[in-house]
Amino acid sequence: MIREITMRELDAEKFIGEQVAAIAGAVGDGAAINALSGGVDSSAVTMLGHRALGARLRTVFIDNGLMREGEPEQVAGLFAKLGVKVEIVDARAEFFAALKGISDPEAKREAITQTFYRHVFGRIVRESGARHLLQGTILTDVDETVAGIKRQHNVFEQLGIDPQEAFGYRIIEPLIQLRKDCVRKVGRALGLPAGLFDRIPFPGPALSARVIGEATPERIETVRKATQIVERLLEGTGAFQYMAILHEDRVTGMRDGRREFGQQIEVRCWDSLDARTAAPTRLPFEKLAELAGELTRAVPGVVSVTYNIATKPPSTIEAV
Ligand code: XMP
């Protein structure tokens, strides 16, 4: 049973001091490794590990090719300003090879998870010689695993490290007693910039969750361009989450006086408190028209733009 530290109890400075000491004590004069995604949890863990170990912590950002425009460089740049070196690992080819020919949503998620843990991060951990792995598991992750919402994770098995060998490895989870609000408080106290906390949610499978059907490099590039436009135009709405989705079926359009059997982008923009239920934001028609204009003008091959007006449930926030 893990003892929760509530928001009322949490003294962020004291918590940071204790966790930094615990990490330093556990790693001794060895080395540790962690994967940074740019989310709040992995960012807070990176800062704690950095304070405890300095250069003996190796932080990798795995570029799976499914991120938003410029995201790997932005995350690495942000940490560079905080004095933390982040190594960007280019694994784009490996992820696209694993996604080749796959259209089923669950199979896509599985391919990404397997490629991340077993192939890319697993290989980096094994080759690094680091015996300590820092992970941003929070209490909600533990609850969801127990409740069967998330799949049971044996991290070492996922990394392809056999249990015999795994005795030599240790996993350190400094945030395991906290929930999200506490992690945010700790993150702020660690000096993480505000921009990292007020970002809209973004799913683990990244842009592949926004491509219906096969996630090829070309189709991901299309949805990446569309995402940039949708995020720019809807940033000021205060909505909970907004996104562009690339559909699989094509429709006939007309460009430069010629018929074009083109692609369709669906825009979603949600009002929600906790993502469990959501309703479409009542965007002014002028805003919708602006989205349609920019998306058909700036994203090659797009001839049709739709706006989702269904609620969750029965819809979900993401489309895949
Ligand atoms: P849904 O689509 O289930 O999304 O209504 C609820 C919230 O969770 C995010 N989401 C995900 N996050 N891995 C994640 O890390 C996923 O596979 C995933 N699917 C959805 C989604 O962006 C929304 O905020």
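Bridges between two residues of the range 211-307, per DSSP, are antiparallel at a rate of about 70%. The range 1-69 and the range 164-230 have Cα centres lying 14 Å from one another.
Distant-in-sequence amide contacts of Ile88, defined by a placed amide H-H separation under 5 Å and a gap of 5 or more residues or a different chain, comprise Phe61.
Estimate the FRET efficiency between Ile149 and Glu9 by the formula 1/(1 + (r/R0)^6), using the beta-carbon distance for r and 30 Å for R0, to the nearest 0.05. Walk me through the intermediate numbers first.
Working: r = 26 Å, r/R0 = 0.86.
The pair Ile149/Glu9 has a calculated efficiency of 0.70.
For the chain, the longest principal axis of the C-alpha atoms and the axis of helix 217-234 are separated by about 90°. Only lysine pairs 8 or more places apart, or on different chains, with alpha-carbon atoms under 29 angstrom apart are counted in the chain, and they number 24. For the range 1-49, the list of GluC sites (Glu not before Pro) that fall in a loop by DSSP and count at most 12 other C-beta atoms within 10 angstrom reads Glu9. Counting charges near Met243 (Lys, Arg +1; Asp, Glu -1) among other residues having Cβ under 12 Å from its Cβ returns a value of +1. Rounded if a/c is under 1.5, else prolate if a/b beats b/c, else oblate: with a ≥ b ≥ c from the C-alpha gyration tensor eigenvalues square-rooted, which is the range 136-242? Since a/c reaches 1.5 but b/c is at least a/b, the shape of the range 136-242 is classed as oblate.
The alpha carbon centroids of the range 114-136 and the range 269-296 are separated by 39 Å. Sort the range 73-190 into rounded, prolate or oblate with this rule: let a ≥ b ≥ c be the square roots of the eigenvalues of the Cα gyration tensor; rounded if a/c is under 1.5, and if a/c is not under 1.5, prolate when a/b is larger than b/c, oblate otherwise. Since a/c stays below 1.5, the shape of the range 73-190 is classed as rounded.
Springs between Cα atoms under 10 Å define the GNM used for the chain, and in it the highest mean-square fluctuation of Thr281, Thr296, Thr237 occurs at Thr237. Rounded to the nearest 10 degrees, the inclination of helix 105-114 to the longest alpha-carbon principal axis of the chain is 30 degrees. For the range 252-320, the antiparallel share of DSSP beta bridges with both residues in that region comes to about 60%. Measure nothing fancy, just the Cα-based angle from helix 180-189's long axis to the longest principal axis of the chain, in degrees from 0 to 90, nearest 10. Compared with the principal axis, the helix lies near 70 degrees. For the chain, what proportion of DSSP beta bridges, expressed in % and rounded to the nearest 5, is antiparallel? Of those bridges, close to 40 percent are antiparallel. Taken one residue at a time, the phi angles of the range 235-243 give Karplus couplings (6.51, -1.76, 1.60, θ = phi - 60°) of 3, x, 6, x, 5, 5, 7, 8, 7 Hz. Gly and Pro are set to x.
A short reminder: the numbers here are calculations on the coordinates, not readings from a lab. Worth saying up front: this structure is predicted, and the values here are computed from it rather than measured. Neighbour counts are summed over all protein chains in view; Cβ atoms, including those assigned to glycine, are modelled from backbone coordinates with ideal geometry.
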